[in-house]
1. Can Ala157 be described as out of contact with any strand residue (DSSP E or B) (no Cβ under 6 Å at 6 or more places or on another chain), surrounded by fewer than 19 Cβ atoms within 10 Å (Cβ to Cβ), at pLDDT below 95 and closer than 19 Å to Met209 by Cα?
2. Need the failing condition index for Thr184 against (1) touching a strand residue (DSSP E or B) at 6+ places or on another chain (Cβ under 6 Å); (2) assigned to a loop (DSSP other than H, G, I, E, B); (3) of a type in the set (Ser, Thr, Tyr), just the number.
3. Suppose we filter segment 50-75 for residues that are among the acidic types (Asp, Glu), outside any helix (DSSP H, G or I) and within 14 Å of Glu110 (Cα to Cα); how many remain?
4. Which residue is nearest to Val55 (Cα to Cα), if the candidates are limited to segment 110-131 and must be in contact with a helix residue (DSSP H, G or I) (Cβ under 8 Å, 6 or more places away or on another chain) and of a type in the set (Val, Ile, Thr)?
5. Condition first: in a strand (DSSP E or B), over 14 Å from the mean Cα position of the chain (by Cα), among the charged types (D, E, K, R) and within 23 Å of Leu72 (Cβ to Cβ). Now tell me which residues in segment 85-143 satisfy that.
6. Name the residue, out of Asn152, Asn134, that is of a type outside the set (Lys, Arg), on the phi > 0 side of the Ramachandran plot, in contact (Cβ under 8 Å) with a residue 24 or more places away in the chain and out of contact with any helix residue (DSSP H, G or I) (no Cβ under 6 Å at 6 or more places or on another chain).
7. Any idea how many residues of segment 95-105 are modelled with pLDDT of 95 or more and either acidic (Asp, Glu) or under 24 Å from Glu49 (Cβ atoms) (or both)?
Amino acid sequence: MDKVIDIEERIPTLRERRRKRSNRKFAALLTVFVSLLFILLYSQSTYSEIRDIKVTGAELFDGESYRQASTLAVGDSMWSFDSGEIEQEIESLEWVKSATVEKKWLTSVEIEIEEFVEMGYLDQGNSYQVVLSNGVVLNQPISIVEGPIFSNFEDEAKREALIEELVKTDPEVQNLISQVILDTEQERADYITIYMNDGNEIKAILSTMAEKINYYPSVTAQLEDRKGIIDMEVGIYFRSYNDVFGLAEAGEELENAEEE
């Protein structure tokens, strides 16, 4: 029988290459095994538990309220929850616009909240409730009012119509609004009375409120510090309080106010 000769055994270079390939394969398998073992041991140890839950962006409610809403707690496993599901859970709250949940490092969770903006306060007679930019009224009476008051806007549709108009109102004008009162005795249109922080009173129609009231700075510039009632229901007319309460002359039409 002819003898079989292993050429690789006679060529040291090829034999060395084969040895290196075997070593690389072994090293790769060992790395995978050690990594899986580390992950397994880590996931079963206290080092994989949540040690801190940080909440940012919360203003309407405190951080603890959002931690409870997330269903997460210190001591839970970092791998026992899905961030997307927690985000949906928090976003189901009617005052939350969006939520982002991120795992930070190995033991921390950060919850970033974006709430709907406060637009004003619903007058409830003896108390006030916060009204948000999505029309939602928070079911918690407050004692300190730091914005415009909305009276007779218990009806959700009317309230949402008001919010839509306020969103379209210029910020500089919106900041001057002290109170908006809906006339409940008028049926053919939603007439409103707006009291301004600078002492003037505006008569307007809800559906055209923003369109008209955005001219307010131009109107007051023509009044030369006079205070009174500005009628914006159709055109734009002004009567000073002296004229109104003294039953004097008719109102003064403010020409070109809508052009400035």
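1. Details: out of contact with any strand residue (DSSP E or B) (no Cβ under 6 Å at 6 or more places or on another chain): yes; surrounded by fewer than 19 Cβ atoms within 10 Å (Cβ to Cβ): yes; at pLDDT below 95: yes; closer than 19 Å to Met209 by Cα: yes.
Here the answer is yes, as Ala157 does meet what is asked.
2. (1)
3. Kept after step one, since they are among the acidic types (Asp, Glu), are these residues of segment 50-75: 52, 59, 62, 64.
When the remaining residues are screened for being outside any helix (DSSP H, G or I), the result is 52, 59, 62.
With within 14 Å of Glu110 (Cα to Cα) added as a condition, the list becomes 52.
Within segment 50-75, residues that are among the acidic types (Asp, Glu), outside any helix (DSSP H, G or I) and within 14 Å of Glu110 (Cα to Cα) number 1.
4. Quick first cut of segment 110-131, residues in contact with a helix residue (DSSP H, G or I) (Cβ under 8 Å, 6 or more places away or on another chain) only: 111, 113, 119-120, 122, 131.
Cutting the leftovers down to of a type in the set (Val, Ile, Thr) gives us 111, 113, 131.
Details: Ile111: 5, Ile113: 7, Val131: 23 Å.
The selected residue is Ile111.
5. Answer for segment 85-143, where residues must be in a strand (DSSP E or B), over 14 Å from the mean Cα position of the chain (by Cα), among the charged types (D, E, K, R) and within 23 Å of Leu72 (Cβ to Cβ): Glu102, Lys103, Lys104, Glu110.
6. Values: Asn134 fails: on the phi > 0 side of the Ramachandran plot.
Criteria check complete, one pass: Asn152.
7. Going through segment 95-105, the residues modelled with pLDDT of 95 or more turn out to be 95-102.
From the residues that got through so far, the ones that are either acidic (Asp, Glu) or under 24 Å from Glu49 (Cβ atoms) (or both) too are 99-102.
So the answer is 4.
Yes or no, residue by residue, for (1) surrounded by 15 or more Cβ atoms within 10 Å (Cβ to Cβ); (2) at positive phi; (3) among the hydrophobic types (A, V, I, L, M, F, W, C):
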{"position": "Leu182", "(1), (2), (3)": "yes, no, yes"}
{"position": "Tyr191", "(1), (2), (3)": "yes, no, no"}
{"position": "Asn197", "(1), (2), (3)": "no, no, no"}
{"position": "Asn200", "(1), (2), (3)": "yes, no, no"}
{"position": "Tyr216", "(1), (2), (3)": "yes, no, no"}
{"position": "Ala221", "(1), (2), (3)": "no, no, yes"}
{"position": "Glu224", "(1), (2), (3)": "no, yes, no"}
{"position": "Gly235", "(1), (2), (3)": "no, no, no"}
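The values are calculated or read from the model by the stated rules, or taken from the named source; none is laboratory data. Predicted, not measured: the structure shown is a model, and the values here were computed from it. Here the Cβ is made from the backbone with ideal geometry for all residues, glycine too, and neighbour counts use every protein chain on show.
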